[in-house]
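Please treat every number below as a calculation from the coordinates, not as lab data. Small disclaimer: the values here were computed from a predicted structure and weren't measured. When we count neighbours, we look across all protein chains shown, and the Cβ atoms used for this are built from the backbone with ideal geometry, even at glycine.
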Amino acid sequence: MEHTYSDFMRDASQSVNGEYAKRLIETIRKTDGQGSDLFSSVGSLVQSGLGELLQMPDWVGSAAAILLFALLFRLLRGAVKSIGAYRAVDYFTNLLLAAVVIRAVLETLNDCAAYMQDISLFFGALAPVIGLLTASGGNVAAAGTGSLALSVFLAVAEWVVNRFAPIVFVLILGLSLIGLAAGTSTTLSLVKGVRNLLFGAFSFVTAIFFIVVGCQNVAAANTDTIGARTLRLLVSNAVPIVGGTIGDTLKLVSGSLVTVKNATGLSSVVFLLAMYCPVLLKLWFSGLLLSLLGFLSECAELENGKSLFGQVKCAFDFALAAYTSVFVMGMLNIGLFIGCLPAVAT
């Protein structure tokens, strides 16, 4: 059983792409997934990463400088006699804001997507281990149900991270650029409507996943428990002495199995949390900066600039909702795996 855990950590380290994910798995492996050393070591790694993550991005200074120029121009607009020149300066100010912000936003979203992709790859290495450890405890029906739920989760995570989210990002950013080029802020309402619709869709899918997987897991656990008890009763009645010995041996083996399951489950929870927290904080921090820049745009009377920052923030809001759904479904799979006690011990 110990070899199963070590092989899993090695395969997981080879599966992920990011340097942070590899260092995280190596830190977890050194602690064997047990004890306070795991949390302290991983906490130090996450803390060092968050210190770099929450630094003020360079593009914020550039955007603030452009907004300061726009504000000063508004204060001196009495000296500008030509309305055409005034509108031209306003138009090119908005274009400069778009040039500074859009590229930085895409880089931030790509970084977050890379973290989420490593989570999906990690679960790809975890899937066979969950099936093996669950079936080894006599939970054959639960192993089948868990494998199905995990397959659905991996398919959803891969589709959301690699296919759907990039399309939505391009759509939202494209609408913001179209509105900016057309000199209108009406696209902000459209983008907010799309964001709210996607919020509802992800909430609905996550709720359905919870209900279906939860009901299937309860039914499978009951089936495995009844089957294991029936088999143990038949063996004990057929050969009383040998049957009792087999029952005691199964309980001893199940104790070792539970230890390995707990180590695997705890390591998976720590990995998932340590990978998702940077994504959560990065999206939240970037959204906060965009809200502040939108307020500065309003002070500078740049309605189109304010609309630009509002629409870009909608992209971050969508990313936060989509990645949170993936995180919650991943946690549910791990929780079901840890909570499934070996049927041979019941």
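Points worth noting:
- On full extension, the segment bounded by Ala207 and Asp111 gains 31.8 nm, given 0.36 nm per residue less the C-alpha separation.
- Remark: the Leu273-Arg23 segment gains 88.5 nm on full extension, using 0.36 nm per residue and subtracting the alpha carbon distance.
- Cα gyration tensor category, rounded, prolate or oblate, for region 151-206 with a/c compared to 1.5: oblate
- Calculated FRET efficiency for the pair Arg163/Phe295, C-beta based, R₀ 30 Å, to 0.05: 0.30
- Each residue of region 296-306 is assigned a 3J(HN,Hα), and the resulting list reads 5, 5, 5, 5, 7, 6, 9, 5, 5, x, 4 Hz, derived from the Karplus form 6.51 cos²θ - 1.76 cosθ + 1.60 (θ = phi - 60°), x at Gly and Pro.
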